[in-house]
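No value in this document is a laboratory result; all are computed from the given coordinates. Small disclaimer: the values here were computed from a predicted structure and weren't measured. Cβ placement follows ideal geometry from the backbone for every residue including glycine, while neighbour counts extend to all protein chains displayed.
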Amino acid sequence: MSFPVRKCALIGRFVDPRVAESMNVLLPHLKARNVQVLISDSADIPNDLNGVIHLPEEQLAEQADLLIAIGGDGTLLYGARLVARYNVPLLGINRGRLGFLTDVMPADMLPSVDAALAGSLEKEERTLLLASLRRADGSTVESLALNDIVLQKAATGRMLDFQTRVNGRYVNTHSGDGIVIATATGSTAYALSCGGPIVEPQLDVLVMAPICAHTMSDRPIVVSARSTIEVKLIERYDTYAQVACDGVVLGSMEPDVDVLNIRAAEERITLLHPPDHDYYCLLRSKLHWGRGGLDPSR
């Protein structure tokens, strides 16, 4: 990334009134600072917006110095896939609901954007996962994920049987609705609802969290992020499974023949945070901790 920023890409569901409100404030602000604004040519906004350059979505990160995601965490996860191979930092403006990743509130948007343009925001690298689904015919489909990769039941809704291995060593044979393989970033997402631990984003670990396991002893475990995790589906009558990366379906998985391998990707992404960013303050706010007691930080 080069400073000062001269080209900034914006992504979001611009048909959402909250997102549109922030964009309408941000566009003239960026223009006044001589920053070119890049927006996907498939975005649902007028093509004749003054000073806006429309590009194919896959070219946004290639052309931009900075990508701003306006919306919820889903929007930022989408942005992470766009920038993963281009070393373009991400800034999230929270116009969603929970917002663990989009941590800039609308009231702080303009000063935070100015700081991002000048390169003075706090930078934090996050691990990405690479999912490789190898078919019986030898073909492979791959995808990246910032939060998690999920093996989940599909179609009939019947329980799945599957095996897991870590670095080639057998771990367990599971029965249940599937399994979440999460980064430290994704530990506060789907894995958390499966009973997984909250992991500091700086820790180099992965969480393996079974979904609705059939036995109470099948518990989430934490492994090194340098591990390779293998998942194989076992034949069971009338069951179907699919693999999703950050909620986007990678493909269906056939029992006994397809193999899902998950490891940390070579690529990493850079998130930008306000100078007063405090992870534990974020947890307290989003998870409503300590509502009945005093905050010693005040």
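Observations
- When peptides 283-290, 180-187 are sorted by average Cβ neighbour count within 10 Å, with the highest value leading, the order is 180-187, 283-290.
- The distance between label points at residue 139 and residue 215 comes to 3.7 nm (points 7 Å beyond Cα on the Cα→Cβ vector).
- At full extension, residue 114 and residue 86 could sit 7.9 nm farther apart than now, given 0.36 nm per residue minus the alpha carbon distance.
- Where trypsin sites (Lys or Arg not before Pro) fall in DSSP loop in segment 197-261, at most 13 other Cβ within 10 Å: 226
- Rh by Kirkwood over Cα pairs, then Stokes-Einstein D for segment 207-277 at 1.002 mPa s and 20 °C, µm²/s: 140 µm²/s
- Computed on the Cα atoms alone, the convex hull of segment 128-266 gives a volume of 97 cubic angstrom per residue.
- Placing +1 on each Lys and Arg Cβ and -1 on each Asp and Glu Cβ, with no other charges, gives segment 148-298 a dipole about its Cα centre of roughly 400 debye.
- Sequence ranges 112-121, 91-100, ranked by mean other-Cβ count within 10 angstrom, highest first: 91-100, 112-121
- The chain, helix-only ellipticity at 222 nm - DSSP H runs n ≥ 4, -39,500 (n - 2.57), divided by all residues, nearest 500: -5000 deg cm²/dmol
- Cα-based helix-to-principal-axis angle, 73-83 vs the chain, degrees rounded to 10: 90 degrees
- Inter-part distance, segment 69-105 to segment 124-180, computed on C-alpha centroids, equals 24 Å.
- Each of 179, 221, 261 was placed along the dipole of segment 128-266 (beta-carbon charges, centred on the mean Cα), and the one lying farthest toward the positive end is 221.
- Dipole check for the chain: with +1 at the C-beta of Lys and Arg, -1 at the C-beta of Asp and Glu, and the Cα centre as origin, the magnitude is about 440 Debye.
- Averaging over all projection directions, the Cα-based convex hull of the chain occupies 17.5 nm² in the image plane.
- Sequence of 58, 124 once ranked by neighbouring C-beta atoms within 10 Å, starting from the fewest: 58, 124
- Cβ-defined net charge surrounding residue 146, 14 Å radius [Lys, Arg +1; Asp, Glu -1]: -2
- Between helix 17-32 and the chain there is an angle of about 50 degrees, using the helix long axis and the longest principal axis of the Cα atoms.
- For peptides 30-38, 274-282, sequence by mean Cβ density within 10 Å, most packed first: 30-38, 274-282
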